Structure formats: C-alpha cells, structure tokens
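Data first, discussion second: the structure below is written as structure tokens.
The values are calculated or read from the model by the stated rules, or taken from the named source; none is laboratory data. A quick note: this is a predicted structure, and the numbers were derived from the prediction, not measured. For neighbour counting, all protein chains shown are included, and Cβ atoms are generated from backbone atoms with ideal geometry for every residue, glycine included. Only protein heavy atoms, including side chains, enter the accessible area calculation; ligands, DNA and RNA are left aside. Shrake-Rupley method; radii C 1.70, N 1.55, O 1.52, S 1.80 Å.
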Amino acid sequence: MEKTVNQRAWLLVLPVFLLVAFSAVIPLMTVVNYSVQDTFGNNKFFWAGLEWFSELLHSERLWSAFGRQIAFSAIILALEVPLGVFVALNMPKKGIWASVCLVLMALPLLIPWNVVGTIWQIFSRVDIGLLGHTLAAMGIDYNYTRDPLAAWTTLVVMDVWHWTSLIALLSYAGLQSIPQAYYQAAKIDQASRLDVFRFIELPKMQGVLMIAILIRFMDSFMIYTEPFVITGGGPGNSTTFLSIDLVKMALGQFDLGPAAAFSLMYFLVVMLVSWVFYTVMTNMEKADTFHG
Amino acid sequence: MRMAKITLSNLAHAYHPNPASEDDYALKQTSHVWEDGKAYALLGPSGCGKTTLLNIISGLITPSQGRVFFDDDDVTSIPTAQRNIAQVFQFPVVYDTMTVRENLAFALRNRGMDKAGISRRVDIIAVMLGLEETLDCKARALSADAKQKISLGRGLVREDVNAILFDEPLTVIDPAMKLELRIQLKSLHNELGHTMIYVTHDQTEALSFADEVVVMDKGRVLQTGTPEALFEAPAHTFVGHFIGSPGMNVLDVTVDGSRAYLDGNLIKLGHHYGTPAGKVQIGIRPEHISLNATNGLPAQILRVEDVGRHKIVRAQAMGQTLNLIASNQTTINTGMASLGFERGKISVFVDGWRFSPSHGQEGAM
Amino acid sequence: MLELIGVSKKIAGITQFHKTDLAFERGTMNVLLGATLAGKTSLMRLMAGLDKPTTGKVLWQGKDVTGVRVQKRNIAMVYQQFINYPAFSVYENIASPLRLQGKSKSEIDHAVRETAEMLKLTAQLDAKPLSLSGGQQQRCALARALVKGAGLVLLDEPLANLDYKLREELRAEIPKIFEASGSIFVYATTEAEEALLLGGNTATLWEGKITQFGPTHAVYRQPLNITTARIFSNPPLNTLPVTKAGACLQFAGDQQIPCLSPTPNGQYTLGFRSHHLQLKSNKEARLAFKCRVDICEITGADTLLHLRFGDQHWTSLLEGVHPYTQQEELNLYVDPSHFYLFDAQGDLCAQPRAA
C-alpha cells in the first residue's frame, strides 16, 4: 500500500546516511585507494593501476583459497539445509515441548563465534578434549593439527552444530504458517508422507529456506573466527579460507596493496552471489503474487 | 457410482478430555441419517459446532462418543484417507507447485487410476468448472476465485466418493462471483448426484443449495428440514429467528386455548393450544403481518426501510420490537398502526421449542 | 462538509481513481457502492488523508486539508477486520481516543458508558476484545470510532467479516447510530441491499470512477446508465438487446413490443430487475417471456429462478415456494413500466413510469 509522500522523511534518514558514509563508504574508499597503489615504506605511495588485481587473479594461492572456500560453503549447506529441514519437520508443533525444543535449538545461536571455536578446539584436542581423546582411545587416528581431513571434519561438524538450528528455526516458522486444511486435504487425497513434503511443505518453506540459504552462504563464505581459533588455517594451508588468507596477507605480511585488491574482489563476489539470490527470490515472489 | 448413506448414531464431541457438564461439549449428542445423493446444508452461527460435525464425518476428528456408519460399515475409527470422502475448505487449498491439471489429477493418481481414466475425468470436471483454459497453468498463479474452483474440482473429480463436504467454501470469493459459484455447485449436484454436505453461516447459501437444512446452535442440532419447513414451521425460536430476513418476530405472550394475549391485547391463533406452562411465546414472520388491520395489535411504527423490492417496517408493540414486510407500493407513515397477524401462520413456542396444538390439527414438530 | 475537487489518484502510473468531484454535506450518510477493487478503499484513503491525491484538493469545512496528515484531522475509521487493542478491556478501548484528546476522567466515563449503551456493550465493558464474538468485537471498534465525536466517520465494509445474522442486526442499527451522531458517515459496501437499508446518498463506483451520485433510492430507481443499474441490482440486472424501429422494440428475431419513447431508431439494451419478472401480472400492460429454468433456488420465503431466455441469463425472484425443475419452460411476465432502456453507450434513455 502506498504511503503519503513526505519530503521530511529524508531528514530522518540523514543520520543513518551519515553513519553509513563514515562506517562503510569512507573505509571502503581507503581500501580502493590502497588497491591501486604500491609503497616501499615511509608512507610513500606509487600508482600501480590494476597491477595488484591482475597479479592476484593469476596467483595460485588465491585460487586455491577460493576453491577451499567454495568447497566449505557447499559442504556445510549440503549438510545443514537437509538436516535443518529434517529437524524442523520432526519438532513438536504445539504444547510445552514445542517451546522446550525452540529454546534448546536457539542455544547454539547465542554463543559467540570465538567461544564456539574455543569450545571445539578444546573438545577435539587429542590430549584433553572429550571428543579427541575418545576417538583416539577407540583407535581412530584423529588429530586436527596434523591431518587435513580431520581438520576439515572438525570445522564442518562444528559449523553444522552451530548453525543447523538457524535453518531449523526458520523452516519451523515456515511450517507453522501452513494451515491445517492443507494436511487434511492431503489426507483426503491419500497423499503419501513424501507427497505432503514435496507438494505442501517444501513449496511453503521455499521463501524462508531461500533466506536461510542466503544467510548461511554469506556467513560461511566469510568464515574467519572459528578456523582461526581451531586450526589457524592449518595444517599447512588446508583450512586457509579466503578471509584467513586475507588477514595473513594484510597483517602477517603487511602487503597492503594486494590485500586491498583482494578484499575488493572478495566483497564483489559476496555481493554478486547475494544479488543473484535476491533476484531469484524476488522473481519467485512475483510469480506468486501475479494475478493476486 | 458407489455412494453411501451416512448414519450418525448418538454422536457427541468435546475437545477437552473428561467433559463435566453439557456445556463442555462442542457437539451435543445427536443422531442423523444423511441420505444417499441428497444435498444438505449445516447452518448455524460461528462456533455452533457445525465444522466439528463435518470433521467427524470426514474423519479428521474422532468423536468422544457415538458411531459413524457409511451404509452398514462402522467407520468411526477409520482414518480420513480410507473413508473415500472429498472435502472443500474455507480457504482454497491447492498444491501451488502443480499445474491445475496435476492438482485435479492428484487424488486420482494416488488411488492408482490409469492415465486415460484420469485424463477423461479431469477434462470433464475442468469443462464443468470452466477451468479448461488454465489447465496447464501453475496453480499459484491464479486468483483466489480460480483456486477455490480448483479445490471444488478436486472434490468433484472422484466418481466413487461417499460424500463431498464443503466447509464455508465461498468465504474468500468475491461477492459478485458468489452467486455464480453457488449456481454452479447446485447444477453440479443435479448433474453428478453426489451426497453433498455444505457448512455455512449464510442462510441464503444454505437454503438455496440444500434439499434439507440442518440448523445448529451451541453444539445442538435444533431442526432438520426443507427450506420451506424451516421457514413455515421452525422447531425452535432460534430457527425462526435465524431463517428469514428479517427473522421471525418472537413475542412473549400468555396463551389460553386459541387466544394469545400480549399485555392484554388479544391475538387470535389458528389452533387450540390448551394452557401451556413455562415461557410461552408466539412467532410470526414479517411476511405474515399486515398493516392497518381492523382490531389489530396497536403498534408504534419506528422506521420504514425501502430495500427496493419491498419495505421493511420496524415497529414496537407493548415494548416488544417487531419487523414486518410491506409492498413497496404502499405509503407508510411512522406513528401508530394496527397490526394484523395471519392466523394460520402463527407458531407457538414453549421454553423456546415449538408447541403443537392440542387437537392435533397440526403435525408434530 | 467534505468536498473533493478534481481529485484523482495514480500509483506507479496506474490510475486508481479517475478525476472526481464529490461533496458530502454535514450530517449525511453516504454509501460507496461497488464491487471489490472498484476504488472504494482508494477513495476513502484520499478522504481520510492517508493518501495524497495525484491531482485535486480535499476541502473540510471549506478549508484545504489536502496532504494534512490523518493524525491532525478529526477522523474515525472502521475496517473490515476487527481492530481493537487486544490488551485493553472494552472500556479502555472505547476510552482510548478520549484519553488521547486529554478529556477529564468523568467526561470519559460518561461518554464511554453512553456509547457502550448505544452499541449494547455495557455488559462486556470489562472483557478483553478477543474473548468476545465477532459481532461484539466490531461493535467495540464502532464504539471507539463514534466516541471520538469525529466530524468524518469512514466505514470500510465494516460488516463483511461478520456472520450473516449479525450483519443483519448491525445493519439495522447503524442508521440509528448515525442519526444520533450528527457526523458525516461514509460507508463502503459491495452489497446493494446494504446501501438501500442505510439510505442517505449513494455513489456507485466502477473501475475507479463514480458512475452516479445522489439520494440512494433515486440512484436505485433512476440509474442514469447501465453500469449503475448493474452495480445496484442484486440478483443481477436482467438485460435484453433490442432494436428500435419506429414505435417498436424488436428482439429475438421476430418478437416486438411497443415503445413510445421519442428516441431515434437503433440498437438499445432493455434492463429490468429480477423481482419485476413475475409469474403473473395483475396489470393489463404486461409482456410474456417464455423462459427455460436452469436452477431453482428455494429459500423458504422466496424462490430465485435462474433462467434462460434465448442466450440471455436471467433471474426471477418470486415470493413463496415455487419448485420448478431444471429445463422446465414457463411464461414469465414483466410490466413494461419497469423497463429501463439504455442506448449503445449505456446511458439511460427511457425510465420506468412507476417505482
């Protein structure tokens, strides 16, 4: 529904506008500035053009980090989405147990990232961690500081533990909005459980699931804290994701130019993917609301 | 075509376990037989238990007591899917991601019907409902009216259903479309001959759709009858009031034989009623009151509303309000009038229920 | 007095409401009658100041209030949905607009009780709205709108979500409430019968245009065009395309009826309402139409016949019970004095002689 056009509204938006300018646009501009210059110290800068960008695009280091990043996001989405939906489908719909479940599900979401990292770092340690020690005692060769597979497994399990709740809660909300009549109609049509899921629940969850996937994709694509705490990007470079690589480059090696170019490209990739998601989602909504 | 007589025997339902008093029952004890192939309406205000009754028939609710029979089979504990009924809900229930054709075919496919048979049935129903143009559209792209037509179609597509149940199916339909869908439904019933049970709060929908109407209030079935019977001889003052627009006028009186007295004013009745004890009332339809009668009931005319085809007159007599309907050719002034009641059309009620004349001139309720 | 001068509304290039002049006098009941999406709500939002018109002005008591925010104008609105404060009791709900106006406690108490009495809510004053029936909830919303003493009360299909019987009851009460208030009432509805019961003035709306505005019964009896007649007929208006040749109207090939109206020869549409198509007519001047029965709906008091005459779908509303069967053929009669004659543009050229 359309609202009255009121020019004074702009005045109210102005503070936010300034805030965003100072907190996002201006820092971004300094990054842009760095990305096209080179320095040999002493605060002297030289024009470098797009040199850093082309160097990075040809750097194997960046591409392998990018590959690992894509693999990580893909794996956790492939695990978390079906698992989250499965959990949501099996949560009680009403009564005291529904509330209990909701609270339990929300718990992991309330823990700060670095704490999650620390918990899993300790939990998985072979010497003192409950999980690591148990696995070792069972004769499984598990050590995330030595074995890339163990490191990946730990990170993926941790992420699934941390974030499946979010997908489950969003899906649950989607499921709750389905009127009872749909289930009754399905019973009358003699639809199987699978049909109910395919033709009623999934279509009705579509909207929230898209949002959940978008959020989880962006989050996992920018993951930093947890791998930093648990593996520090190791063993070797096996868990060095884009953000870890970026920090290494910018702070470890102090290569400001390439790091700035790196962050810009990173930013653009995340934006591009989000835009694609957004377009797909709004198009779907349009198809829904067309003809009322 | 396989269909069945549906028998409800001593049915009652309470949503909470261990109902203590009668008020705890959403549906009070009732028995009813739904004849094969007839069109029924369940009519009553919100919360009168009509949807509960419908859901017991479809098996979505298992009654707290009593049995449900389809022909001679006890289906009380048989789940909905096996009952072979179809139901249309208040809001359109369609499978969004399927096309209209797939929606209509779904229930048939689940029952293992062959392809040729499915496509034949779907085409027949689509033509009946005027959906043939949109058969290959995704259901989600359609308007609410069209979606509700799909829901209707999904109910009608199966030839072998025991009954088709409708739960206020025209609620979301645009007023202009309501009449059209209502006639469509009625002609579909004439054509297909399914047993249909139609739940609504709208007397026009109920009376115009059904061969027989079941009137409910507060979980109780008050009367079952043809629209004519409900109009002419309501079994309860509630039915009198609920059927008709405006409803029946109900006046507190005392009755002695064939005479009723409203605050000392004599109203002659068509039959002898003896001297009934309890709360005695007479009911008279607005259609059966005339103005300017000789020796009529003195009344004050408060307002006259011209609704086009006739006039509705709001009057007051001895502190009790009355509505009456007059031709739109007559000029009516507010002020005093003398109301004449058509003798044979007066009903007598005791404690709310219809009271039969003592000499049996009139049939039982 | 509320005046709309040259008001129109476009949203994103699509015309919601065409240029309109309209004036509502003080203390009048004004009905906006039209189908869903005819523009009733758009027009009300313009009157309320919830939307700013694309062109034109809104005047209140002669003062330009275009673009003045709704909060600054003394307006009350009731919607189709029952909108009350769920956490407040009915008393507090009704009192809320008065508290905002800063009235004294005794004034509020007096006004609340008086309004509650009028709307039969006295017994429910301490209840929370959600524990009430739909009818009572809407009464509460109405009470809140009325107690404000607003000069303009806008009611947007207030009875649409109520049960049939409750709708009937409140419908009978609203004119009384209106008379007691002295405000300008604007009442949107899709139902012709509701407009007739409310009386006052009616504006018929069709696709964002007002097709006619005037005293309700005059609009009903003398529709100036076929669109108005259609909007204001339920069951739908029966129509018949006719050709005028000399003093006759010809239709269905060879049939004809005399027509004395001095309109030129050409194509016309005859219109009449379903309660004028009767089984018998006691007047001499009557016309017989042989119709076929499609469906017969019996409501106890009336019978509604859905008929076919040639390729026309007609309806006939008869008093009493007349159980005709499908496909049955029967003669129905219309007194020609009930005919409306519309020209090719749909404008009325001859109207009934009697009401």
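For segment B:58-128, the residue among B:GLN65, B:VAL88, B:ALA116 whose Cα projects farthest onto the positive side of the dipole built from Cβ charges is B:ALA116.
Round to the nearest 10 and give me the degree value, 0 to 90, for the angle of helix B:144-156's Cα axis relative to the longest principal axis of chain B. Between the helix axis and the principal axis of chain B, the angle is about 80 degrees. Using equal-weight Cα scatterers in the Debye expression, the normalised intensity of segment B:126-238 in log10 at q = 0.15 Å⁻¹ is -0.72. Excluding ligands, DNA and RNA and using a 1.4 Å probe, chains B and C jointly bury around 3000 Å² of accessible surface, summed across both partners. Look at the dipole of chain C built from charges on Cβ: of C:GLN137, C:PRO86, C:PRO262, the Cα furthest out on the positive end belongs to C:PRO86.
What the Cβ-Cβ distance of C:MET1 and C:ALA344 gives, at R0 = 41 Å and to the nearest 0.05, is a FRET efficiency of 0.60.
When the helices of chain A are scored as -39500 (n - 2.57) per DSSP H run of n ≥ 4 and the total is divided over every residue, the value at 222 nm lands at -21500 deg cm²/dmol. By the Kirkwood approach, averaging reciprocal distances over each pair of separate Cα atoms, segment C:235-350 gets a hydrodynamic radius of 14.7 Å. Using the 1.4 Å probe convention, the accessible area of segment B:246-354 works out to 43 Å² per residue with neighbouring protein chains retained. Taking 27 Å as the limit for the C-alpha separation, the pairs B:LYS28/C:LYS176; B:LYS311/B:LYS345; B:LYS115/B:LYS147; A:LYS94/A:LYS204; C:LYS103/C:LYS165; A:LYS93/B:LYS50 exceed it in the case of B:LYS28/C:LYS176; C:LYS103/C:LYS165.
Using the Karplus relation 6.51 cos²θ - 1.76 cosθ + 1.60 with θ = phi - 60°, the per-residue 3J(HN,Hα) values for segment A:63-80 come to 4, 6, 5, 4, x, 4, 4, 4, 4, 4, 4, 4, 4, 5, 5, 5, 8, 6 Hz, with x marking Gly and Pro.
Would you calculate a helix-derived [θ] at 222 nm for chain B, using -39,500 (n - 2.57) for each DSSP H run of n ≥ 4 and dividing by the full residue count, to the nearest 500?
Details: 8 runs with 85 residues, N = 365.
Calculated mean residue ellipticity at 222 nm is -7000 deg cm²/dmol.
So what is the accessible area of chain A per residue, in Å², with the probe set to 1.4 Å? Let's see the in-between values first.
Details: 16570 Å² over 292 residues.
Spelled out: the 1.4 Å probe surface of chain A, per residue, equals 57 Å².
With all protein chains in place and ligands, DNA and RNA left out, the 1.4 Å accessible area ranks B:ILE61, A:ILE96, A:ILE76 as A:ILE96, B:ILE61, A:ILE76, largest first.
Mean separation of Cα pairs under 8 Å and 6 or more residues apart, divided by the residue count, gives chain C a relative contact order of 15 percent. Rounded to the nearest 500, the helix-only mean residue ellipticity at 222 nm of chain C stands at -7000 deg cm²/dmol, with each DSSP H run of n ≥ 4 adding -39,500 (n - 2.57). Along its three principal directions, the equivalent ellipsoid of segment C:2-230 from the Cα gyration tensor extends over semi-axes of 30, 21, 15 Å, largest first.
A simple spin-label model places pseudo-atoms 7 Å from Cα toward Cβ; at A:TRP161 and C:LYS72 they are separated by 6.0 nm.
Screening chain C for DSSP H helices whose Cα atoms reach 18 Å or more along their own axis and whose mean Kyte hydropathy is at least -1.0 gives C:105-118, C:134-147, C:164-181.
What does the average come to when, for each residue of peptide B:322-329, you count the partner chain Cβ atoms lying within 10 Å of its Cβ? Display every interim value, and only then the final one.
Working: counts 0, 1, 0, 2, 0, 0, 4, 2.
The shielding value for this peptide is 1.
Along segment C:192-197 the Karplus relation, 6.51 cos²θ - 1.76 cosθ + 1.60 evaluated at θ = phi - 60°, assigns HN-Hα couplings of 4, 5, 4, 4, 5, 5 Hz to successive residues, with x for each Gly and Pro.
Using a probe of 1.4 Å, the accessible surface attributed to C:ASP21 totals some 110 Å² when neighbouring protein chains are kept in position.
On the beta carbon distance between A:LEU251 and A:VAL25, with R0 = 22 Å, the FRET formula returns roughly 0.45. Treating each Cα of the protein assembly as shown as one equal point scatterer and applying the Debye formula with no solvent, the log10 of I(q)/I(0) at q = 0.06, 0.08 Å⁻¹ comes out as -0.63, -1.01. Derived scalar couplings between HN and Hα for segment C:51-60 equal 10, 9, x, 5, 10, x, 10, 10, 10, 10 Hz in order, rounded to whole Hz, by the Karplus curve 6.51 cos²θ - 1.76 cosθ + 1.60 (θ = phi - 60°), x for Gly and Pro.
Against chain B, whose longest principal axis comes from its Cα atoms, helix B:115-129 is set at around 30 degrees.
Once you have a ≥ b ≥ c as the square roots of the Cα gyration tensor eigenvalues for segment B:216-365, tell me rounded if a/c is under 1.5, and otherwise prolate or oblate according to whether a/b is larger than b/c. Write out the running numbers ahead of the final one.
Details: a/c = 1.94, a/b = 1.32, b/c = 1.47.
Judged from the Cα gyration tensor, segment B:216-365 comes out oblate (a/c at least 1.5, b/c at or above a/b).
Taking amide H as placed 1.01 Å from N in the peptide plane, B:ASN249 has its amide H under 5 Å from the amide H of B:ILE284, B:ARG285, each at least 5 places away in sequence or on another chain.
With the charge dipole of chain C set up from +1 on Lys and Arg Cβ and -1 on Asp and Glu Cβ about the Cα centre, the Cα lying farthest toward the positive end among the listed residues C:MET77, C:ALA203, C:TYR220 is that of C:MET77. The Rg/Rh ratio for chain A is 1.05, where Rg is the radius of gyration of the alpha carbons and Rh is the Kirkwood radius.
In the context of the full protein assembly, C:PHE251 retains an accessible surface of approximately 10 Å², using a probe radius of 1.4 Å and ignoring ligands and nucleic acids. Around the Cα centre of chain C, unit charges on the Cβ atoms of Lys, Arg, Asp and Glu (plus for the first two, minus for the last two) sum to a dipole of about 1160 debye.
Using heavy-atom solvent-accessible surface (probe 1.4 Å) with all chains present, what is the largest-first order of B:ASP217, A:ASP127, A:ASP159? Present the calculation step by step, with values, prior to reporting the outcome.
On the way: B:ASP217 30, A:ASP127 90, A:ASP159 0 Å².
Greatest to least solvent exposure: A:ASP127, B:ASP217, A:ASP159.
Under a model in which nothing but the beta-carbon of Lys, Arg (+1) and Asp, Glu (-1) is charged, segment A:60-289 shows a dipole of about 440 debye around its Cα centre. Gyration tensor analysis over the Cα atoms of chain B returns equivalent ellipsoid semi-axes of 45, 25, 16 Å (largest first, whole Å).
At R0 = 41 Å, how high is the FRET efficiency between B:ASN18 and A:ALA71 if r is their beta carbon distance? Nearest 0.05 is fine.
Values: r = 59 Å, r/R0 = 1.43.
With a Förster radius of 41 Å, E is 0.10.
Remark: spin-label model distance A:MET138-A:ARG61 equals 3.9 nm, labels positioned 7 Å along the Cα→Cβ axis.
The candidates B:HIS189, C:HIS313, arranged from most to least accessible area with a 1.4 Å probe in the full protein assembly, appear as C:HIS313, B:HIS189.
With +1 on the Cβ of every Lys and Arg and -1 on the Cβ of every Asp and Glu, and nothing else charged, how large is the dipole of the protein assembly as shown about its Cα centre, in debye rounded to the nearest 20? Intermediate results must be reported in sequence, preceding the final value.
On the way: 88 positive and 93 negative charges, 345 e Å.
With only Lys, Arg, Asp and Glu charged at Cβ, the dipole is about 1660 debye.
Considering only C-alpha atoms, what is the centroid distance from segment A:216-230 to segment B:97-154, in Å? Measuring centre to centre over Cα atoms gives 48 Å.
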